[in-house]
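Report on the following structure.
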Amino acid sequence: MPLRRLFAVSSLLFLVTLAVSPVKNALRPYRFIQREFRDLGMSRATSRKAMELYANRPVAIQQIWLRDFEDRVDRCTTCHLGVADAAMRGAPEPFRLHPATFHTPGGFERIGCTACHGGEGLATLQDDAHGVAQENIAPMTPATFIQSGCGRCHLSATVPDAPTLSRGRALMERAGCYSCHAVRGHDAYRSEAPPLDAIAIKTGAVWLRGWLEDPRAVDPNATMPNFHLGADDILALSHYMFGRPAPDALARRVAAAAGEPLGDPATGRRLFSESRCISCHTVDGKGNGSAPELGTIASAATRGWLIAFLRDPHAFNPRTRMPRYNFSDGDVRDIVAYFDDELRDFDAPADVLEPLRVNQTLAAKGATLFRNAGCGSCHASGPASETEKFGPDLDGIGDRRAASLDFGRRRDLPQTLTSWLVAKIESPRSFADGLRMPSYGFDADEQRAIVTALLAHGAQAVPEKLRHSATQPVAMIPGGRVGELFSRYRCLSCHQIGNRGGDTSTAPLTFEGSKVNEEWLVDYLLLPSSLRPILPERMPILKMSREEASLLADTFEKFYVDPSIVEDPFAGRAESDRDAAEGERLYTTLGCRGCHIIGMAGGYYGPTLTEAARRLKPGWVFHFLKNPQGWRGDIRCPNYALPDTDALRLTAYLGTLGSSRDAAAPATGKESTR
Amino acid sequence: MRVSLASRVRGSAVYRSIVRHGTTATNRNRSLVVFENLFLHVHPVKVREKTLRFTHTFWLGGITLACAFILFVGGIPLMFYYHPSVPQAYRDMKELQYVVDNGVFLRNLHRWAAHAMVLVAVLHMLRVFYHRAYRPPRQFNWVIGVLLLLATLLLSYTGYLLPWDQLSLWGVSVGTSMVKEAPFIGERIRFYLLGGNVVSENALLRFYVLHCVVLPVALLLLVSVHVWRVRKDGGVQGPAGAERKNEP
Amino acid sequence: MPDEESRDGETESISRRDVVVRLGVGACALAAAGSAAVTLDFLEPKVLFEPQTTFVAGAPLDFADGTVRFNREQKAYVIGTAGGVYALSAVCTHLGCITRFRSEQRMIACPCHGSQFDLEGNVVHGPAPRSLPWLEVSENASGSLVVETRVIVPQGKLFRV
Amino acid sequence: MSVPIKIVESNDPMADPWRVAIVRPDSRPSARATEDRFVMTFPHLIVREVILFQLVLTVLSLAAIFFDAPLLGIANPLETPNPAKAPWYFLGLQELLHYFPPVVAGVLMPTLAVIALVVIPYARINLVAGPLWANASAKKAIALGAAVALVALLFGAFACWPIVVPTLALGIAMFATRGWERATSVRRLLWEVTLPEWIMTWFVIIATLLTVIGTYFRGPGWSWVWPWENAPRG
């Protein structure tokens, strides 16, 4: 080819090639999407002004820059143009209005998009932004697990408006995940599982074998999963456990108790019922189920052990949630007599509680097995710092890339973090041979909840100022005598105080002193009764002394108070605001009756208000009425956005309740609050 | 109209002050094109016809030079969008990809040109070797060529860290731990190179300065010498045996 | 690939050769011009990481008569009066220092060269050549006051609450 | 103006090229006059250079349009990818590290390679070498065979098969060309290969092989994998 022609051809080729990128650039998809949005907006606009706003929208990359939030940049709104545009309700994606949630529409500028949805905020291309099958890009969190986003900032166990997350966290706590897996913020976690030193004085080899074969076949409430141990392994483990010497003090107590005569089963049954044992335990499946099934307890533990345990459960398992009841020696004998009489497995072999004659060789083998299976992570007797974290760290698990995960044999799974996590929880051993984590038998909903909780563990903690714990002040647990009482009666097993405690009770105690009258509380502690007709009696009669009850009530009154709740809401208000009659009218018009009982009439959902004045302090009532969800996020009482005057009138009305039947009690109650 | 405009421009005093040769295709004017031009005057006015043949040199040196030119010219705009700091350096890659117009094209071009330059420079060296073009009087130019190859490798390698992704970090970690193995001075060299004991933000800054200032200047100087020596040593040399056998 | 250009080939159609060369040179020129344009486009920042020029000052009811609030980031005062609300730039018109509100004297003072302004922005004292500009105040969908620091409005233009 | 004539004492014509002609005992003292045709640099060379530049930029642009430069996740010193690989041009070295102690593979060998490259134009053998087997004595053959065997053994001791195998193969090829003096075409061309060329070829093959192995055949823990088994990497 002549040089000239070659030059011309090559120049043209050069020109065309160089033009490709600018042309590609000019055709970037977001430009078309923005034009489409403009047309859609103009067709939906209701006013000329709105129409002009749509028409004059420049075609440009939109971004939310969150300087205080890891310097995040979310460009999602480049295409998702209608997220905060009320005119885009129900519009086709990507323009649809974001559904209203706790943080939207108000929070876009503060928390952006990727904080909840994941994905690559910087991207302006759909697949990249959504992290579709790209190793270097964070994938979007599937909608099923969206509440994991809440958990990045909301670190407390229960998060209002995020039931799946809260459930997942509760399940992880109860299943003992943190025993084996290190997770930031759960370093001090200890499983409730009993130390195994005292097995030989508690139960027999036959029962233990049955338990090791499948804990949940023995007790459906068991948290311990089935480790699918072979018969040889079970034998070896049994020999090891029976070979461990029980602590002398406990052995002596059990031996002494075994010699005691049996009490009266009928009294025992009454005590069993009064003590509200089934607030936690079950009997033949009836009860709460957060503690062992007691239907065959007499065939699971020796009489001596049961007596000694009931007298002081904390000596046997310092981590148990069970309170130490103030039973007399006779009470305990009666209860165990009741167990012996009725709560036993009548089909069990006679030697079910016979101890094992230990073979040292097998015991040594069992010791190795015990260590290798990680039993000690839950069952060790030492403090948290001494137990080895048996499994891999779960810190940052929520930000792991699918490419960095070991899918092992599970080639069937989609290459995503969420499917990996679900499969890991569903059948952990399906990934490879020799994996040690057992299956906990969670159902699909539970798996979803746990994965949601896991995904909330980001690679790095969100900045301090975005972490949310306002409704969950740090628990203040007193020391000294009161602290002993707290521990003895295990208040925190059921009640929440600040960021700690169980969820069995509906009443957190963080600001109990601001809420209830001291006199009422003393009476309640001595003889509790359910305030909510819809709920079964749950607070046990702990048989505490009046002195103990007064001490506890006094502590609540003095220390567990919210300074933002005023003592006397009527101070400095007009006299008319105290119009109880007007309050009664409001009570009717607002429909409070639908949930609350006063006297004989009313709904069953909320707490009874018959003796409201004796129980509740007016300052708290006023505070609560102004914003029920501010007191606790999951309160169902509607927020009527009452003006101060109305809230005061209602408070005044509630202040009169209880005086009609029993004039003395409310009077003292009122005096105490002034 | 157009023609007259063009000729009027060519006739203007300003144009004449810049371009001194005439437009007609005389050999004098063609000579002037070359030696009146700073950038072309490294060429002789006339060249041997046979050196223009493709198989004579396969144009490998020229391709290397073209790559270097593309890297120089393309690298400058990229610098406008780059901060040698952590984690902004990585984010800048995303900005180039998602926000800056044609940013991803320029980054790709720079990356592929860098790889191509290393590859073609090696091929160029092999070609020179097998054509025995390193023989006197070209010995020194061969040495310059070896230095140029090293400079090219270093440029490519220092650039490798700049995106601050996993590939960069670990590529550089692996490479610099090889340096560490040098007896006596290895640790020291690595310490100076990285500005610390691990690949960190200091290393990023040092690599950035090396990549954008020190090594390009060195390369520019060496290339000038290299090209100038090519001419001084008698022009490009093709196959050594060619004269012996194929010429009539 | 020997080229055909030689002394004896010049009688061949000069014009065709000319066109071919011009085509090549034209394509090169076009490519160069395009590259220049693309480079300019490349250099234009498409997103900015700068403080927003607008800020939400708060609810109109927060600005009772005499309220003066300073917004540090956008460098503006939002001032409530009986007749309404207005916003005032906090950048001294002298040399660009950030002025401060002195609540005890109820005036705005510049710490650099001692310029003083009253709450309307007028120069009371000092080297400042002009009064502080008033900024646009409007209301957003949720009823909060929004100040746009880029738009200057004539002095005295209150946002009526 | 008279130029003082300098009598060059050197007997080494290649080291002192400023002569009219080199007469070697093994060649006829005839200088063949070649008449080189000259052409004008502009436009002949300049236009070619422009075309070359255009083509290079075109090809690279096409590459840039169709293949994105890799970008993995942000650098994380706590998460080591497995395998952690250097850029491709250093993968030959990294592959060597698999066989030799770091000080040998990472320092000694590359240093030797660079020194070898630098001294190429100053080594006499490179300047005067004729075909390997021209006038070769049995002694030379034995020395060469011993050298090949030594190199193979040396690298074999480290189980460095990517070097041993090409060494032996090339050694065999080298000896095979011994009798090809009178052969035609390709065989004859191979006979003409000089010793430096054999060495360079050996070096190039080894470097290429090591680089290719390091790039495509190494997986987690620097274990051998086939390219099609490689987990997708960005």
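The values are calculated or read from the model by the stated rules, or taken from the named source; none is laboratory data. Values in this document were obtained by computation on a predicted structure and should not be read as measured data. Cβ sites come from the backbone with ideal geometry, for glycine too, and all protein chains shown count toward neighbours. Each accessible area value is taken on the protein alone, full model and side chains, heavy atoms only, with ligands, DNA and RNA left out. Shrake-Rupley method; radii C 1.70, N 1.55, O 1.52, S 1.80 Å.
Under the condition of being among the aliphatic types (A, V, I, L, M) and closer than 20 Å to A:I111 by Cβ, which residue from the stretch A:153-178 is surrounded by the fewest Cβ atoms within 10 Å (Cβ to Cβ)?
Among them, the one singled out is A:L155.
Quick check, is A:E446 acidic (D, E), under 22 Å from A:D214 (Cβ atoms) and out of contact with any Ser or Thr (no Cβ under 8 Å at 6 or more places or on another chain)?
Here the answer is yes, as A:E446 does meet what is asked.
Of everything in the stretch A:241-276, what is under 18 Å from A:T361 (Cβ atoms) and open to solvent by less than 50 Å² (accessible area, probe 1.4 Å)? Give them in sequence order.
Residues satisfying the conditions are A:M241, A:F242, A:G243.
Suppose we filter the stretch D:136-164 for residues that are closer than 18 Å to D:I213 by Cα, more than 20 Å from the chain's Cα centre (by Cα) and surrounded by 14 or more Cβ atoms within 10 Å (Cβ to Cβ); how many remain?
2
Could you grab me the full set of residues in the stretch B:124-142 that are open to solvent by 20 Å² or more (accessible area, probe 1.4 Å), part of a helix (DSSP H, G or I) and at the interface with chain D (Cβ under 9 Å from one of its Cβ atoms)?
B:M125, B:L126, B:Y130, B:Q139, B:F140
Please identify the pairs in which a residue from the stretch D:202-216 that is farther than 17 Å from D:L168 by Cβ has its Cβ atom under 9 Å from the Cβ atom of a residue that is among the hydroxyl-bearing types (S, T, Y), counting only partners at least 6 apart or on another chain.
Qualifying pairs under 9 Å: D:T211/D:Y89.
Looking at A:M224, A:M241, can you tell me which residue is hydrophobic (A, V, I, L, M, F, W, C) and assigned to a loop (DSSP other than H, G, I, E, B)?
Just one listed residue meets the conditions, A:M224.
Spot the failing condition for B:G61; the list is (1) farther than 28 Å from A:P29 by Cβ; (2) within 9 Å of another protein chain (Cβ to nearest Cβ), and only one is missed.
(2)
Working carefully through the options C:Q74, C:Q52, find the one that is in contact (Cβ under 8 Å) with a residue 40 or more places away in the chain and in a loop (DSSP other than H, G, I, E, B).
Every option except C:Q74 fails the conditions.
Which pairs turn up if I take residues in the stretch A:568-581 that are at negative phi and open to solvent by 70 Å² or more (accessible area, probe 1.4 Å) and look for partners that are modelled with pLDDT of 80 or more and among the basic types (K, R) with beta carbon separation below 8 Å, at least 6 apart in sequence or on another chain?
Once the first residue is at negative phi and open to solvent by 70 Å² or more (accessible area, probe 1.4 Å) and sits in the stretch A:568-581, its partners that are modelled with pLDDT of 80 or more and among the basic types (K, R) give A:R578/A:R649.
Can you tell me how many residues within the stretch A:88-123 are in a helix (DSSP H, G or I) and of a type in the set (K, R)?
1
Being open to solvent by 30 Å² or more (accessible area, probe 1.4 Å) and in a loop (DSSP other than H, G, I, E, B) is the filter; apply it to the stretch B:85-123 and report the residue that is farthest from the other protein chains (Cβ to nearest Cβ).
By that ranking, first place goes to B:S85.
Across the stretch C:87-141, which residue is nearest to C:Y77 (Cα to Cα) among those that are open to solvent by less than 30 Å² (accessible area, probe 1.4 Å), among the polar types (S, T, N, Q) and not in a strand (DSSP E or B)?
Here the residue is C:T99.
For the stretch A:209-221, which positions are in contact (Cβ under 8 Å) with a residue 24 or more places away in the chain and assigned to a helix (DSSP H, G or I)?
A:R209, A:L212, A:R216, A:V218
Within the stretch D:74-96, can you find the residues that are assigned to a helix (DSSP H, G or I) and more than 7 Å from chain B (Cβ to nearest Cβ)?
Across the stretch D:74-96, the qualifying residues are D:W88, D:L91, D:G92, D:E95, D:L96.
Could you count how many residues in the stretch D:105-160 are touching a Ser or Thr at 6+ places or on another chain (Cβ under 9 Å) and not small (G, A, S)?
Qualifying residue count for the region: 8.
Regarding the stretch A:599-606, can at least one residue be identified that is open to solvent by 30 Å² or more (accessible area, probe 1.4 Å), more than 25 Å from A:Y524 (Cα to Cα), of a type in the set (F, W, Y) and modelled with pLDDT under 85?
Scanning the stretch A:599-606, I find no residue that is open to solvent by 30 Å² or more (accessible area, probe 1.4 Å), more than 25 Å from A:Y524 (Cα to Cα), of a type in the set (F, W, Y) and modelled with pLDDT under 85, so the answer is no.
Are any residues in the stretch A:116-135 open to solvent by less than 70 Å² (accessible area, probe 1.4 Å) and in contact (Cβ under 8 Å) with a residue 60 or more places away in the chain, and if so, which ones?
Scanning the stretch A:116-135 gives A:T124, A:L125.
Residue check: is A:E36 within 32 Å of the chain's Cα centre (by Cα) and either open to solvent by 70 Å² or more (accessible area, probe 1.4 Å) or assigned by TED's automatic domain parsing to the domain that holds A:L417 (or both)?
no
Just to be sure I understand the filter: pairs with C-beta atoms under 6 Å, separated by 6 or more residues or on different chains, first member in the stretch D:116-144 and more than 13 Å from D:F175 (Cα to Cα), second member in a loop (DSSP other than H, G, I, E, B). Which pairs pass?
Note: pairs meeting the criteria are D:I120/B:Y134; D:P121/B:Y134; D:L127/B:R135; D:L127/D:M14; D:V128/D:M14.
Could you tell me which numbered condition D:A169 fails, if it satisfies all but one of (1) closer than 25 Å to B:R127 by Cβ; (2) in contact with a helix residue (DSSP H, G or I) (Cβ under 8 Å, 6 or more places away or on another chain); (3) free of Cβ contacts under 8 Å to residues at least 60 places away in the same chain?
For D:A169, the failing item is (2).
Would you confirm, using the coordinates I've provided, whether D:L71 is touching a Pro at 6+ places or on another chain (Cβ under 9 Å) and at the interface with chain B (Cβ under 7 Å from one of its Cβ atoms)?
Considered against the rule, which asks whether it is touching a Pro at 6+ places or on another chain (Cβ under 9 Å) and at the interface with chain B (Cβ under 7 Å from one of its Cβ atoms), D:L71 comes out as yes.
Conditions (1) farther than 19 Å from A:D395 by Cα; (2) of a type in the set (D, E); (3) more than 14 Å from the chain's Cα centre (by Cα); (4) in a helix (DSSP H, G or I), marked per residue:
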| position | (1), (2), (3), (4) |
| --- | --- |
| A:T158 | yes, no, no, no |
| A:T164 | yes, no, no, yes |
| A:G168 | no, no, no, yes |
| A:M172 | no, no, no, yes |
| A:H186 | no, no, no, no |
| A:I201 | yes, no, yes, yes |
| A:W207 | yes, no, yes, yes |
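Which of the residues spanning the stretch D:53-68 are crowded, with 17+ Cβ neighbours inside 10 Å, at the interface with chain B (Cβ under 7 Å from one of its Cβ atoms) and not β-branched (V, I, T)?
Across the stretch D:53-68, the qualifying residues are D:F53, D:L57, D:L60, D:S61, D:A63, D:A64.
In the stretch A:301-325, which residues are open to solvent by 30 Å² or more (accessible area, probe 1.4 Å) and in a helix (DSSP H, G or I)?
Correct list: A:R303, A:F309, A:R311, A:H314, A:A315.
Can you tell me which residue within the stretch B:1-56, out of those that are of a type in the set (A, V, I, L, M) and outside any helix (DSSP H, G or I), is least open to solvent (accessible area, probe 1.4 Å)?
The extreme case among them is B:V47.
What are the residues in the stretch A:326-339 that are open to solvent by less than 20 Å² (accessible area, probe 1.4 Å) and closer than 24 Å to A:L525 by Cβ, if any?
Scanning the stretch A:326-339 gives A:V332, A:I335.
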